[in-house]
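Here's the structure we're looking at; comments come further down.
The values are calculated or read from the model by the stated rules, or taken from the named source; none is laboratory data. Because the structure is a prediction, the values reported are computed rather than measured. Here Cβ is always computed from backbone atoms with ideal geometry, including for glycine, and neighbour counts include all displayed protein chains. In case anyone asks, the SASA skips ligands and DNA or RNA and just uses the protein heavy atoms, side chains included. Shrake-Rupley method; radii C 1.70, N 1.55, O 1.52, S 1.80 Å.
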Amino acid sequence: AFFSYGRGGSIFYMDEAGHIGLSKVGVDIRVSKARVTDTKYHHIAVVKENANIYFYIDGTADPRVNYPVHFEFNSGAAVGAVSDDSSCSFLGVIDELMIFNRPLTATEVRDLLDTQK
């Protein structure tokens, strides 16, 4: 997990195949079509706007994914694991995690990528 709440709460993660996901821990799964296949640094982003999710890898967006579920904040938050039991640990480096209170546009996601190079 890049960032997560506890069981039933929201989680932003990468699965073992390198797909980026946004879901509820232990409840449902939504993942990107594109995936990370190497160990280089990558800029990963997810934008949830209304009932849609947009996954970005290095500034390139996947096709939108329908996800009409609202975020759940049912426990403390954690960076690098699921917060209530430390499962799904991310074995890598997470740098400059940012959380916004509104959906970013595709241009804003690419601008963040450009400023972090």
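For the range 12-35, the set of residues classified as assigned to a strand (DSSP E or B), touching a Lys or Arg at 6+ places or on another chain (Cβ under 7 Å) and open to solvent by less than 30 Å² (accessible area, probe 1.4 Å) consists of GLY21, LEU22, SER23, listed by residue number. Report whether or not VAL69 is closer than 15 Å to PHE12 by Cα, of a type in the set (A, V, I, L, M), out of contact with any Phe, Trp or Tyr (no Cβ under 8 Å at 6 or more places or on another chain) and at pLDDT below 95. Judged against the criteria, VAL69 is a match.
Does ALA45 satisfy being under 12 Å from the mean Cα position of the chain (by Cα), modelled with pLDDT of 90 or more, open to solvent by less than 20 Å² (accessible area, probe 1.4 Å) and farther than 21 Å from GLU108 by Cα?
On the way: under 12 Å from the mean Cα position of the chain (by Cα): yes; modelled with pLDDT of 90 or more: yes; open to solvent by less than 20 Å² (accessible area, probe 1.4 Å): yes; farther than 21 Å from GLU108 by Cα: no.
So ALA45 fails the test.
Here ASP38, ASP58, ASP84 are screened, and the one residue that is loosely packed, with under 11 Cβ neighbours inside 10 Å and either modelled with pLDDT of 95 or more or of a type outside the set (Phe, Trp, Tyr) (or both) is ASP38.
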